[in-house]
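First up is the structure itself, then whatever we jot down about it.
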Amino acid sequence: MNIQNLQINNNQRMSSREIAELTNKEHKNVKRDCLVMFDELEIDALIFERIFIDNMNRQQTEYLLNKDLTITLVSGYNAKIRYLIIQRWQELEAQASAPVIPATLSEALRLAADQAELIEDQQSRLALAEPKAAALDVIDSAMGSLNARDTAKTLGVQPQKFNAWCIAHNWMYRDNKDKLQMCSNRLQQGFMSQRPVTYTVPVNRNGVTVYETRATTQPLFTPKGLTHLARLFAIVHEVA
């Protein structure tokens, strides 16, 4: 059974923010629980991630979960919380199944206009996304692995912003020497690799500055990882 496909095909979602409100938990803690669940189920968290603007006009992330994942998430919570979540899902399912019947001519016209706008918006998004996605199919054979700076350049993203996004979304992290390193799960997915590199640092020895050579590893984005990121950014505009 393909767990990941099951999650994608379900349209009804509950956000991690709403779960936080219902469970009286901090949103950051609910997001942490989501990441633990995704990792245990071997699901890519990016599939369920969405950007929203908070009340301080800052970009924040949340997760949109279907019913099965929501119940799985709160299975470790107490009975009262599980009951509240189940009640909320019943409300969502009732709303989704209830037909929308316009009461007046103006409401009917508004509904028709809304549906037309939705269809037009979906067609516009597909028109923009499909050529970009199709062009990305040649990346696997056209280039090898790229470092973070070259990957950002290829994606049309500022390197600092790209690095920050990768750190926030568990693609990379900074080690105790402030060097960027890849997250191990991206290696397992085939999205990233690494290579050994050396660098020099000034060291003061008895008042004399000498330069020592030290070794570390450099994270690289494979063609598969670059293709995944490019499709993601082109379709959902995660990084402007």
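The values are calculated or read from the model by the stated rules, or taken from the named source; none is laboratory data. Worth saying up front: this structure is predicted, and the values here are computed from it rather than measured. Note: ideal-geometry Cβ built from the backbone for every residue, glycine included; neighbour counts use all protein chains shown. Surface accessibility is based on the protein's heavy atoms, side chains included, excluding ligands, DNA and RNA. Shrake-Rupley method; radii C 1.70, N 1.55, O 1.52, S 1.80 Å.
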Can you tell me which residue in the stretch 162-188 is nearest to Leu35 (Cα to Cα), limited to those that are under 15 Å from the mean Cα position of the chain (by Cα) and open to solvent by 40 Å² or more (accessible area, probe 1.4 Å)? Asn170
If a residue counts only when it is modelled with pLDDT under 85 and more than 21 Å from Gly144 (Cβ to Cβ), which strands (runs of 3 or more DSSP E) contained entirely in the stretch 169-240 have at least 1 such residues? 192-205, 208-221
Any residue in the stretch 13-26 that is in contact (Cβ under 8 Å) with a residue 24 or more places away in the chain and farther than 16 Å from Thr61 by Cβ sitting within a Cβ distance under 9 Å of a residue that is open to solvent by 80 Å² or more (accessible area, probe 1.4 Å) and in a helix (DSSP H, G or I)? List the pairs, counting only those 6 or more apart or interchain. none
Output yes when any residue across the stretch 112-125 is open to solvent by 90 Å² or more (accessible area, probe 1.4 Å) and modelled with pLDDT of 75 or more, and no when none is. no
